[in-house]
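Below: one structure, written as structure tokens.
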2 protein chains.
Amino acid sequence: MRRKLIVVSNRGPVSFSRNERGELTAKRGGGGLVTALRGLVALHEVTWIASAISDEDHALAGEVLEETARDGSPFRLRLVAHDAQAYDWFYNVVSNPMLWFIQHHLWELAYTPAIDRGFHTAWDDGYVPVNAGFAAAVLEELEREPDAAVFFHDYHLYRAPRMVREQAPDATLMHFVHIPWPQPDAWQVLPERMRVAMHDGLLANDVIGFHTDRWRRNFLHSVQEILGEDASAQTITAAISVDPAEFDELAQSDAVLAAEREIVARRPEKLLLRVDRTDPSKNIVRGFRAFELYLAAHPEMRRRVGMVALLDPSRQHIPQYAEYLGALQREARRVNDRFQQEGWTPIDLQIEDDFPQSVAAYKQFDVLLVNAIFDGMNLVAKEAPLVNERDGVVVLSENAGAHAELGEWVLTVNPFDVEAQAEAIHRALEMDGTERRRRIDAIRAHVRAHDINAWVDAQLAALDGLAATTPR
Amino acid sequence: MRRKLIVVSNRGPVSFSRNERGELTAKRGGGGLVTALRGLVALHEVTWIASAISDEDHALAGEVLEETARDGSPFRLRLVAHDAQAYDWFYNVVSNPMLWFIQHHLWELAYTPAIDRGFHTAWDDGYVPVNAGFAAAVLEELEREPDAAVFFHDYHLYRAPRMVREQAPDATLMHFVHIPWPQPDAWQVLPERMRVAMHDGLLANDVIGFHTDRWRRNFLHSVQEILGEDASAQTITAAISVDPAEFDELAQSDAVLAAEREIVARRPEKLLLRVDRTDPSKNIVRGFRAFELYLAAHPEMRRRVGMVALLDPSRQHIPQYAEYLGALQREARRVNDRFQQEGWTPIDLQIEDDFPQSVAAYKQFDVLLVNAIFDGMNLVAKEAPLVNERDGVVVLSENAGAHAELGEWVLTVNPFDVEAQAEAIHRALEMDGTERRRRIDAIRAHVRAHDINAWVDAQLAALDGLAATTPR
């Protein structure tokens, strides 16, 4: 059955710019959501609504653009132009860091944040009107196709569903929250009017999806404590995943093979890998400290083991992110200064966005360290084992969503316990080949059986369930 | 009915020292718990077990001392000597800051804490053996008086009840937690073995008491998530309070009257008061910032209003506390530098332990600011209105335990919202006399009706309830 779907997300699948010759060119985004929804676009009639980001995006906003996905599937694209000041408040003040930091437990509450007049303004004149801009675009599309289901994504859009619902009481609205949902006391950081508004906004959906039961249960608890009532929307758990065929293909691509040759040429005997955005939630500083503790405890392994940290610079317009980048560089330098020898640097730190290099490193790791403080899912923990060629061991934080699925085959670590992380690195490096093989095979089998299509299907099944019941 | 009770707390009611002539003198502690349990000591047969702190305490440890409370009531005192290194780990590493910071949401999780080998050692060789020392003393007392009920206090002693229960399966054990209980994800900071051990230790009690339903519900949720089972102990809510007669008397004491004369001589027309320990949970830095925002918005009130901050220096052996003292001094200086004029300093910051001065200020405030980030109860919010003589208004954090009782008569603030706190200060200063009187009268009536004896009685009633059921 071919469905009509309106996908709504802050970042869209395409952004426009002009090349050196002044020609308009469309750059397909490489973001996880675009990849994740590829199957949806291929099989259904999708209109995608997203923020206009570049100048050229703004020039095209309002029009409906006929675009094609990487596989040639057509979809409609509608870019929403927001006031530049409003968008800055929406994105750089409310969504990040505030909501992101609350949902990942990152504030230092003794000192930060201070909800000042600036923040109230950023909410009232930034987050709310940008959400209203999205809602208006959705309502126009619903006028054209009243039976289309609307599919909102993530923490940028907590208010939009209520705004749509008020004008379109019978619309089918669904929301997927890609990041952790914290327990209700975490929301105490927001003034009551805001925490009520965002919970109320989400509950205007018919269905709300989360990656794990843990985040879903936290949401239900949060609704009870903050709104004083049971959730009026249906909630589902659907774990996002990857497209194994894409990684099979990528692993043999020229770009990845070239990057892999470089890694092989300079890799140490044992390679410890981390691949992350430079986000404070990723726990990069403690990861370096854990590797330092490992090296201190195992002098026999110096020169033989090295950590490769492939870090995609992230949100550098936000002070906390800029500071975190500084802190992790300082920590890597400190560890290297302590241990490095002629011909061996313990931590090979690369701060750039280079996906082929990441996939090449996925093939080459002996130990993958994913020690996130909190993480909605963490796809690296699913992607890397798929293509790994050394029976690598995954060390995984108990607070990553992926742990709910992969827990029995990984070495579980508490992200705050650097001593335990150092021990896990040691245990992973010492693990015998049979055991390593058994674990990574199980991870691969799980990910292949629970791939990205399973995630999309779970959501479409929830839509079918709605359609089968009385309309609102 | 005169009961046999064994009270167990880290800090005891008496500490010993030698005066200038080398004579042993007993100094009665002024701590809240000692005052709170005065009624218990007066009416029942109490043996108090506490840590030996001073050298003289250590010399007396092991003996049973016959002491008398301030009102002349006799009680038995048993001081427990701990190894000095173990006690330092127990007190300055595990109890404070770790447990205190977790229970008040104070860590900056992107960077702190790191659970390193030092922390594992502090738990294994500090918190656990100090709890074992308490348990051994309790067991010896139970051998002497097998029918005595044991009454543990607070976050220092989460393991001791299990250690007692293992040796004395039929003993009656009760625990009171005086600080907030956070929701389960907050405990993720601790390695699993520790978070399991402390929940398990508490559940060895027959009854566990909390100041508010909010903390009690969080505890039940926490047990479910962390132990995967329902709580096997009974939980009760019993809000600690004050002895109104004590404050009536204090308010007219020579020391308070002298301090009050000094305050009156230099007070501005309108006096904004805060009285706190210099604890990061008390939110002193944001309080100063809120007052700055108020002064910026109301230039007509400069010179007319002043803030008096009476701050008892706290836990200065712990780096986070030393840093917080620096930060709040810097913030006060910044605000004063911005606004002060000849003859008027906006913030009068006094860092000393001077209880008569605090009571004098209680009498004199026009607005009392209690903006704690999280606080188990906060007795200042109950004490100060009792003796206030200016129909002062209380501005109270929604995250203080006292808010559950006093919420309808205070101006409620979100502790992170400095803008809202500035507005609450304005609203309080503008409030008409009738309204102010109505509110403070209601607070006083509530506190007099729910005094310290009501708190003790609620706990004794829970013991009676236990005795009425089948023994374990």
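Only the coordinates and a few stated rules stand behind these numbers; no lab work does. In this text, all values refer to a predicted model and were calculated from it rather than measured experimentally. No Cβ is skipped: glycine too gets one built from the backbone with ideal geometry, and neighbour counts run over all protein chains shown.
For this structure, a couple of remarks:
- When the charge dipole of chain B is built from unit charges on Cβ atoms (+1 for Lys and Arg, -1 for Asp and Glu) and taken about the Cα centre, the candidate among B:ALA197, B:ALA42, B:PHE210 whose Cα reaches farthest toward its positive end is B:PHE210.
- For chain B, the Cα gyration tensor yields ellipsoid semi-axes of 38, 25, 23 Å (square root of five times each eigenvalue, largest first, whole Å).
- Look at the Cα gyration tensor of the stretch B:401-472: its axes a ≥ b ≥ c give a/c of at least 1.5 with a/b at or below b/c, and that counts as oblate.
- Local net charge near B:GLU141, Cβ-Cβ under 12 Å (Lys/Arg +1, Asp/Glu -1): -1
- Paramagnetic reach from A:ASP124 (point 7 Å along Cα→Cβ, amide N under 18 Å) across the stretch A:162-198: A:190-198
- Radius of gyration, Dmax [the stretch A:1-99; alpha carbons; angstrom]: 14.2, 43
- Short-range pairs are left out: with C-alpha atoms under 8 Å and at least six residues apart, the relative contact order of the stretch B:244-449 is 25 percent.
- On Cα atoms only, tilt of A:433-449 relative to the major axis of chain A in degrees: 10 degrees
- Positive-end residue of B:ALA402, A:ALA461, B:ALA259, charge dipole of the protein assembly as shown with Cβ unit charges: B:ALA259
- Degrees, to the nearest 10: A:319-339 long Cα axis against longest axis of chain A: 10 degrees
- Summed side-chain charge close to A:LEU109 - residues other than A:LEU109 whose Cβ falls under 11 Å, Lys, Arg +1, Asp, Glu -1: -2
- Lys/Arg +1, Asp/Glu -1 at C-beta; the protein assembly as shown dipole; positive extreme among B:ILE236, B:PRO129, A:ASN96: A:ASN96
- FRET efficiency for the A:ARG70 to A:ARG277 pair, using the beta carbon distance and R₀ = 35 Å, is estimated at 0.95.
- Gain on full stretching of the segment that runs from B:GLN252 to B:ASN453 - 0.36 nm per residue minus C-alpha separation: 70.1 nm
- Using a 7 Å Cα-to-Cβ projection, A:ASP354 label spacings across copies, nm, ascending: 6.4
- 10 Å Cβ neighbours from other chains, averaged over peptide B:180-190: 4
- Between copies, the label points of A:ASP71, set 7 Å from Cα on the Cα→Cβ line, lie 8.0 nm apart, reported in increasing order to one decimal in nanometres.
- In percent, rounded to a whole number, the relative contact order of chain A is 13, using alpha-carbon pairs under 8 Å and six or more apart.
- Sorted from nearest, the other copies put their B:ARG333 label points 2.9 nm away, the label point being 7 Å from Cα in the direction of Cβ.
- In chain B, the longest principal axis of the Cα atoms and the axis of helix B:254-266 are about 30 degrees apart.
- Cα→Cβ-extended label distance, 7 Å offset, between A:LEU24 and A:TRP344, nm: 5.7 nm
- Gyration tensor over alpha-carbon atoms, the protein assembly as shown, equivalent ellipsoid semi-axes in Å: 52, 35, 27
- Scattering profile of the stretch A:244-449 at q = 0.08, 0.12, 0.19 Å⁻¹ [log10 I(q)/I(0), Debye over alpha-carbon scatterers]: -0.24, -0.56, -1.53
- In the protein assembly as shown, lysine pairs closer than 22 Å at Cα, eight or more apart or cross-chain: 10
- Cα centroid separation, the stretch B:133-169 to the stretch A:116-131 (Å): 54 Å
- Other residues within the sphere of radius under 15 Å centred on the Cβ of A:GLU249, judged by their own Cβ, net out at -4 (K and R +1, D and E -1).
- Centre separation in Å (Cα based) which lies between the stretch A:400-414 and the stretch B:314-344: 44 Å
- Stretch gain in nm, segment B:MET1-B:ARG144, where the contour uses 0.36 nm per residue and the Cα spacing is subtracted: 49.5 nm
- Relative to the Cα centre, the charge distribution of the stretch B:365-472, modelled as +1 at Lys and Arg Cβ and -1 at Asp and Glu Cβ, gives a dipole magnitude of about 320 debye.
- A Förster radius of 30 Å, combined with the Cβ-Cβ distance separating A:ARG302 from A:ALA245, puts the computed FRET efficiency at roughly 0.15.
- Estimated FRET transfer efficiency (A:ALA42, B:GLN224; beta-carbon r; R0 41 Å; 0.05): 0.45
- In a simple Cβ point-charge model (Lys, Arg +1; Asp, Glu -1; nothing else charged), the stretch B:244-449 has a dipole of about 400 debye relative to its Cα centre.
- Computed per residue of chain A from DSSP H runs no shorter than four, each worth -39500 (n - 2.57), the mean residue ellipticity at 222 nm is -13000 deg cm²/dmol.
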